[in-house]
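All remarks here apply to the structure that follows.
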Amino acid sequence: MRHGGSRRLVASLAAAAALAACGGAPPPPAPGADEFYRRLQEELLAAEPGAVVEVPEGRHSLSRTLTLSGRPGITLRGAGMDRTILDFSSQRVGAEGVRVSSSDDFTIEGLTIQDTRGDALRVEKSSRIAIRDVKTWWSRGPHEQNGAYGIYPVQCRDVLVDGAVASGASDAGLYVGQSTRVVIRDSRAEGNVAGIEIENTSFADVHDNVATGNTGGILVFDLPDLPVQGGRSVRIFDNQVIANDEPNFAPAGNFVAKVPTGTGIMVMANDDVEIFGNTIRDNGTAGIAIVSYYVTEEEIRDEHYDPFPERVFVHDNDISGGGGAPAGGSAFQSKKLVLALRFALGTPLPDILWDGIAPPDREPRLCLRDNGAARFANADAANDFASVSWDAGPFDCTLSRLEAVVLETAGEAPGPEPAT
Amino acid sequence: MKTRPAARAGRGALSLLPWLVAGACAPPGPVPHLAEPWPERLGDWRIFRDGSLEPSPGVLVYELNTALFSDYAAKLRTVWMPEGVSAAWRDEGPLAFPAGTVLSKTFWYPVEGDGSVRIDAASGGLGRRRVETRLLVRGRDGWVALPYLWNAEQSEAFLRPAGGLEMLRWSDGAGGRGELAYLVPNRDQCRSCHDAAGEPGSLRPIGTTAANLNRDVGAAPQLAAWRRRGFLEDGPDPADAPRLPVWDDPATGSTADRARAYLEVQCAHCHGPARPADASGLLLGFDESRPRALGICKPPVAAGRGSGGRLHDVVPGRPEESILYFRMQSREPDVMMPELGRDLRHEEGLALIRRWIDELEGDGCEAAGGGSRARAVARLSDG
């Protein structure tokens, strides 16, 4: 809020928030909390294209969802990730903290969104989105009752997530779904079920991020029954994927409840994926898992869905210390699967695991090269693990490199060229 | 929009001119506003006589067969159109209203001496607490949603684009008491339900469909009163027109019909074809007939925590296993349905939905799950 005179309001809100934090159930909104909301929301409602709506430094308690719908060219700007806090711990209504829809050229930067009832920041059906220096988290740490997503652009085009931090999400911390052209860089995901997730999305670069202490570090999924399908052309490079060993805390029924605890990078059913230059260390189940949708044992009713990962190129990664503590997710099938893997392969499980479920009529074209001493296994899950193989020889090949994603975002330089 | 012959010279917005220039001499009826700035005070619209809820001359109070549940608030609905224009009939969806139309909905409760609001439709000896009046105005550039909040003195309501959050103490007249967080939606949230599919940024009314308006008020059909007032130009005789059942009046339909009318009104503005929640595959319009679209044995798409661990939207004979029922009885913001506009459970509505699911043919759904992976692969290669 650009107007001055909010300092006293801010101070009284901070005091109220401190008092409120001691209770169990969500307390009623502090007197004045809705006043802060009202002023900020009214500014967002009145914002014209090009407007910068500034949120002052301080901890601001909000009791409802901030919204931006159908208004392009708006920037919502705080004084910095650690200086401007939007605190939703006394939220009474609305699922999200901040919800943006059908609003192109939206930028949000320099603030924290915390303790929302549902998703922290949801952006849908919008183009040219920049999310910079934004933190979303749940202050009680990993918990089943935390909101599903931290930073959550869905059905968007040209999305930049830069310098973000996401923690505690009961689904995914940094998630981009059903979108085209995405860059997630220089960000940190810690203590989520899925740290970074690219789902049903085409042309994504995920690089120079840290994913640690999640159930699964970086997931690249293509799932059925969603309006946008055929996720492809995803590059995962130069990331630190370290000790993702948080026991899966996703609520039953969530898809990510199936992700085994201790997963570094997982590719499910996605085509054209290039994974390179990553440091992948101490992930208890697998450094890199490449699997078909069939490992979920869910029935596929969607005729147009392709459940197989194809043209996956894994090269120049440094993978170490993993596979020694395999553990299932919170879903029953996932526990069963990891038990079966332990039985079939022994521990430590391989650094790079392929479920071995291939399309019936074509080669999956999985290529592995220059991954140091990383051990590989084909689990032959299609035949109930009957003939597992530790031989990486058949997969020593190369695929053509994928092109860097170039975002259509005013003033943004494209991501760095891949190291060769 | 149709124009009555007498007013042919003054079609649409032009016909408002005499009203605008008349200024202070205008008759004591509503004052049309077709563009920003919108009046700060509800009183400036002159829909009601000074500070009261008594409609001004020319303003018609109307009722719906089945209405959206809003935390047991009572609702007073009015419609007004400028002289010389009227709405056109539509078999489906809202009537086609002309420019200048003002629809109002005032949310109020009977209130006890200690200030707590009654949620049991009590009457007799109680005051009234007006919370908000929402206007849907067909302006020059389409529909506009305007939330007005009543002041503590109950003398005037003020435009609040950001809506409001009122903490109310409630009592049910039978010893039950509690607190509710009453949300007045902000203008973006108005849009989240009133969004007009296919036209970015534009809104539409929801409740004012011919079928939902087609009821008797007193002994006479409501639609006839609209025609008499000049608010409705054409359309069939009310006796031959579709009529939405009244959800809590068994004389108007079977359990299934009334449950479907209830779901239509609570859900179908989002859960309908080309509506915001169509990606869920759950389509709850009154005319929907495909069992799967109605959620029967349909697995959820992306319900997340909203599934409550349940496997299907509607499980015949088993309301407790049905996600639809689970979400309708939830009070958690990220689980409950509808997403907005209620804090309390609608116990009577839930009882109807429960009965509907209980009485659906069949018992349970076939277990999901595709057998072994190898068989699944084989099935795919066969196909």
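The values are calculated or read from the model by the stated rules, or taken from the named source; none is laboratory data. Model, not experiment: these values are computed from the prediction. Note that each Cβ is placed from the backbone with ideal geometry, even for glycine, and that neighbours are counted across all protein chains shown.
Here are the numbers for this structure:
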| quantity | calculated |
| --- | --- |
| Residues that are under 23 Å from the mean Cα position of the chain (by Cα) and not hydroxyl-bearing (Ser, Thr, Tyr), drawn from the range A:50-80 | A:LEU66, A:LEU68, A:LEU76, A:ARG77, A:GLY78, A:GLY80 |
| Test result for A:ARG99, among the basic types (Lys, Arg) and assigned to a strand (DSSP E or B) | yes |
| Unique match (being more than 26 Å from the chain's Cα centre (by Cα), under 24 Å from A:ASP222 (Cβ atoms) and not in a loop (DSSP other than H, G, I, E, B)) among A:ALA344, A:ALA340 | A:ALA340 |
| Selected residue (only one of B:ARG215, B:ARG258, B:ARG243, B:ARG191 is in contact (Cβ under 8 Å) with a residue 24 or more places away in the chain and within 14 Å of chain A (Cβ to nearest Cβ)) | B:ARG191 |
| Number of positions in the range A:230-242 that are in a loop (DSSP other than H, G, I, E, B), surrounded by fewer than 24 Cβ atoms within 10 Å (Cβ to Cβ) and not small (Gly, Ala, Ser) | 1 |
| Restricting the range A:87-129 to residues that are basic (Lys, Arg) and within 12 Å of chain B (Cβ to nearest Cβ), the residue that is nearest to B:VAL184 (Cα to Cα) | A:ARG92 |
| Given (1) modelled with pLDDT of 95 or more; (2) surrounded by fewer than 16 Cβ atoms within 10 Å (Cβ to Cβ); (3) more than 18 Å from B:VAL265 (Cα to Cα), index of the condition B:LEU360 fails | (2) |
| Those residues of the range A:349-369 which are under 24 Å from A:HIS315 (Cα atoms) and either aliphatic (A, V, I, L, M) or more than 27 Å from the chain's Cα centre (by Cα) (or both), in sequence order | A:LEU349, A:ILE352, A:LEU353, A:ILE357, A:ALA358, A:PRO359, A:ARG362, A:GLU363, A:LEU366, A:LEU368 |
| A:ASP245 being of a type in the set (Asp, Glu), at pLDDT 95 or above and part of a loop (DSSP other than H, G, I, E, B) | yes |
| Sole exception among (1) farther than 22 Å from B:ALA261 by Cβ; (2) part of a helix (DSSP H, G or I); (3) among the aliphatic types (A, V, I, L, M) for B:LEU180, by number | (2) |
| Every residue from the range A:311-360 that is more than 14 Å from chain B (Cβ to nearest Cβ) and of a type in the set (D, E, K, R) | A:ARG311, A:ASP316, A:ASP318, A:LYS335, A:ARG342, A:ASP351 |
| Matching residues, the range B:204-217, being touching a helix residue (DSSP H, G or I) at 6+ places or on another chain (Cβ under 9 Å) and in a loop (DSSP other than H, G, I, E, B) | B:ARG204, B:PRO205, B:ILE206, B:GLY207, B:ASN214, B:ARG215 |
| Matching option when the condition is buried (at least 24 other Cβ atoms within 10 Å of the Cβ) and more than 14 Å from A:VAL193 (Cα to Cα), among A:ILE265, A:ILE280 | A:ILE280 |
| The one condition in (1) within 12 Å of chain B (Cβ to nearest Cβ); (2) in a loop (DSSP other than H, G, I, E, B) that A:ASN283 fails to fulfil | (1) |
| Residue within the range A:341-352 that is free of Cβ contacts under 8 Å to residues at least 40 places away in the same chain, in contact with a Gly (Cβ under 9 Å, 6 or more places away or on another chain) and farther than 24 Å from A:GLY277 by Cβ present | yes |
| Test: residue in the range B:307-329 that is over 19 Å from A:ARG122 (Cβ atoms), under 20 Å from the mean Cα position of the chain (by Cα) and surrounded by fewer than 22 Cβ atoms within 10 Å (Cβ to Cβ) | yes |
| Scan of the range A:155-174 for residues that are crowded, with 22+ Cβ neighbours inside 10 Å, on the phi > 0 side of the Ramachandran plot and in contact (Cβ under 8 Å) with a residue 40 or more places away in the chain, ordered by number | A:ASP158 |
| Residue match in the range B:306-313 (condition: touching a Ser or Thr at 6+ places or on another chain (Cβ under 6 Å) and not small (Gly, Ala, Ser)) | no |
| Check on B:PRO333, free of Cβ contacts under 8 Å to residues at least 12 places away in the same chain, assigned to a loop (DSSP other than H, G, I, E, B) and under 20 Å from B:HIS269 (Cα atoms) | yes |
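Quick grid of which residues meet (1) more than 23 Å from B:GLY163 (Cβ to Cβ); (2) touching a strand residue (DSSP E or B) at 6+ places or on another chain (Cβ under 7 Å); (3) not assigned by TED's automatic domain parsing to the domain that holds B:ARG90:
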| residue | (1), (2), (3) |
| --- | --- |
| B:LEU183 | no, yes, no |
| B:ALA210 | yes, no, no |
| B:LEU213 | yes, yes, no |
| B:ASP240 | yes, no, no |
| B:ARG258 | yes, no, yes |
